[in-house]
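The block underneath contains the structure these notes are about, expressed in structure tokens.
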Amino acid sequence: MDYKISDTVPGPRAEDTLPESVTTAVKIVIVGGFGVGKTTMVRSVSEIRPLTTEETMTRASEDVDHVTGVEDKTETTVAMDFGRISLNERLVLYLFGTPGQERFWFLWNGLFDGALGAVVLVDTRRLEVSFDVIGKLEDRGMPFVVAVNAFPDAPRHELAELREALDLPDWVPMVDCDARNRLSSRDVLLELTRHLQALTLADMETR
């Protein structure tokens, strides 16, 4: 019996189909240390069913994964998370969440290819895990915004204090957010797109 491809390979779900009005697609990377909420943000804001690569954490990883402050975490991203959000009828963001453990950071190079900008998620309980992440972005010359994820038991600080602690220059946007909340996560992405637009305009003016 002859089979057609359409008979054996399902097409995209109707809700995953990209609207015909879309004219621009931008790749964005969501980065941060282990357990800062990257997967949560992708899940909360994605308009399509997100792809995640979470695996159960085992005792074998205890000596290499630093879980101080997130002892209750039972799963971790081992490759990437992927989602999509339409900011308007013409602009779509493709979201790639990176793994947080340093032993998986070698995957970052591929995930950053073609990306225009990044969101750095920060947990105020463990600011130290953000230093190397921000340093990597600065070394790559990747534009980014910093989003302070509001964990229920996290200490509260003024953004100016956190900016100083992270040694961030004034031109890097910094915002509060709740990665569990779709609107809050969307606002972080809007802040990044405004930052990218401002950098583009500034670059055009200097030419």
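What the table below lists for this structure:
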{"read-out": "Residue in segment 100-108 that is more than 15 Å from the chain's Cα centre (by Cα), at pLDDT 90 or above and crowded, with 16+ Cβ neighbours inside 10 Å present", "value": "no"}
{"read-out": "Pairs where the first residue, in segment 184-199, is touching a residue at least 24 places away in the same chain (Cβ under 8 Å) and the second is surrounded by 14 or more Cβ atoms within 10 Å (Cβ to Cβ) and of a type in the set (S, T, N, Q), C-beta under 6 Å, 6+ apart", "value": "Ser185/Ser44"}
{"read-out": "Pairs, first on the phi > 0 side of the Ramachandran plot in segment 9-34, second at pLDDT 65 or above and in a loop (DSSP other than H, G, I, E, B), C-beta under 8 Å, six or more apart", "value": "Gly32/Thr98; Gly32/Asp123"}
{"read-out": "Hey, Asp176 within 16 Å of the chain's Cα centre (by Cα), of a type outside the set (A, V, I, L, M, F, W, C), surrounded by fewer than 17 Cβ atoms within 10 Å (Cβ to Cβ) and modelled with pLDDT of 95 or more or not", "value": "yes"}
{"read-out": "Any hit, segment 163-171, residues being in contact with a strand residue (DSSP E or B) (Cβ under 8 Å, 6 or more places away or on another chain), more than 23 Å from Asp81 (Cα to Cα) and in contact (Cβ under 8 Å) with a residue 24 or more places away in the chain", "value": "yes"}
{"read-out": "Flag if Arg194 is assigned to a helix (DSSP H, G or I) and open to solvent by 90 Å² or more (accessible area, probe 1.4 Å)", "value": "yes"}
{"read-out": "Matching residues, segment 132-158, being among the aromatic types (Phe, Trp, Tyr) and farther than 14 Å from Val36 by Cα", "value": "Phe144"}
{"read-out": "Filter result (modelled with pLDDT of 95 or more and either open to solvent by less than 40 Å² (accessible area, probe 1.4 Å) or within 13 Å of the chain's Cα centre (by Cα) (or both)) within segment 143-165", "value": "Pro143, Phe144, Val145, Val146, Ala147, Val148, Asn149, Leu162"}
{"read-out": "Every residue from segment 109-123 that is surrounded by 19 or more Cβ atoms within 10 Å (Cβ to Cβ) and modelled with pLDDT of 90 or more", "value": "Gly117, Ala118, Val119, Val120, Leu121, Val122, Asp123"}
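The values are calculated or read from the model by the stated rules, or taken from the named source; none is laboratory data. If you're wondering where the values come from, they're calculated on a predicted model, not measured in any experiment. All Cβ positions, even for glycine, are placed from backbone atoms using ideal geometry, and neighbour counts span all protein chains on display. These accessible areas exclude ligands, DNA and RNA; they are computed on the full protein's heavy atoms, side chains included. Shrake-Rupley method; radii C 1.70, N 1.55, O 1.52, S 1.80 Å.
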